[in-house]
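Read-outs: derived from the displayed coordinates by stated rules, not from any lab. Remember, predicted model here, so these are calculated numbers, not experimental data. Reconstructed Cβ throughout: ideal geometry from the backbone, glycine too, with neighbour counts over all protein chains shown.
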Amino acid sequence: MGEERGGRRTGASRRDFLKIGAGAFAAGAVVVSAIEVPAFNSSSQDRQIDALNAQLGGLRQQAAQTTQLQSQATALQTQLATFSGFLFLNVDEQTTLESVVETIIPSDGSGPGAKEAGVIYFIDRAIAGEYGSGGSMYLRGPFFLPNNASPITVNGQTYAHGTPKQRVTAGTGYQYPMDLRFFWRYGTEALQDYANSEYGGNFQVLSPQQRSSVLSDLWANKPSSFNDIIPSDFAYELFFMTWAGFLADPLYGGNQNMVGWQLVGFNGTNRGDFYGEGKTPLSLATSSSPTPLQPASLGQFQQRPTGT
């Protein structure tokens, strides 16, 4: 029983306050505050309390998910830091090729470019791996460059019409007695020699317009000497690998912070609910308007617990 005060009973005549924690999210952080809600002998008030408790449970789940995603982001950032080294490219090649990729995809008002996306690391790791060693290519001779109209003789057999015509992008057009590691090394050296002879300086010190002109010259096969490489072949690899590094999953070294996916609107492994958006592949496919989604990488997907 409660004591008498001023003719009214306290204690037993009214309940203690219920302290209910409510969560609020601000700038990615979880802020929890305590709200005191008096409980009266009223069914409507009881329903209010039940609703608040339900909200609390939902907010706590969201808080746990946010903490989990923040931990994933921290782990991915740590992984990303390990990419800040080179496995194959030397210092001169790093400087030259980073200027090349920056010229191909510069940063502008629409977003970061190839340099900010770390494309140079993607290229370095590809050259150091199976791509550079020609892991899926036939690399035995004889080697005859395509599009040669003069007669050629192979193992005693003469072919009056020369070698087949091949487009620049054809894989069968690669006819060099070297793997792609040395193709890139010799090609980079030849690019610098041409930039110096025709434009008066190393590629990286030229103006943006001059850099673009150098690359256009390569596409047009203007250099008469290019370390025994067809200039357009090297130009194609430069452009192809730059775009591959800009749009590939960050797992492979490029597209850091998923800036490439942000630019083109690709969602990666986010199928509609990776960040709690509440969408499904079916709802996205049947929607009357496109639904922009924040992209998620393979690394993020692999770190999520099974079934989430």
Local electrostatic count, ALA235, Cβ distance below 11 Å [Lys/Arg +1, Asp/Glu -1]: -2
Run through segment 120-158 and list the chymotrypsin sites (Phe, Trp or Tyr not before Pro) located in a DSSP loop whose Cβ has at most 10 other Cβ atoms within 10 Å. TYR138
Where a label projected 7 Å from the Cα of SER207 along Cα→Cβ would reach, residues of segment 94-124 with amide N under 17 Å: 103
Tally Lys/Arg at +1 and Asp/Glu at -1 over every other residue whose Cβ is under 15 Å from the Cβ of VAL259; what's the total? -3
For segment 236-308, what class follows from the C-alpha gyration tensor (a ≥ b ≥ c being the square roots of its eigenvalues): rounded when a/c is under 1.5, otherwise prolate if a/b is larger than b/c, else oblate? oblate
Counting only other residues whose beta carbon sits under 14 Å from that of PRO281, what net charge do I get with K and R as +1, D and E as -1? 0
In whole angstrom, how long is each semi-axis of the equivalent ellipsoid of segment 96-224, when you take the square root of 5 times every eigenvalue of its Cα gyration tensor and sort them from largest down? 32, 19, 13
Output ³J(HN,Hα) for segment 227-235: one whole-Hz value per residue in order, computed from phi by the Karplus curve 6.51 cos²θ - 1.76 cosθ + 1.60 with θ = phi - 60°, and x for Gly and Pro. 6, 6, 10, 5, x, 5, 5, 5, 4
Spelling it out for ALA296: with amide H atoms placed in the peptide plane at 1.01 Å from N, the residues 5 or more places away or on another chain with amide H under 5 Å from its amide H are GLY268, THR269, ASN270
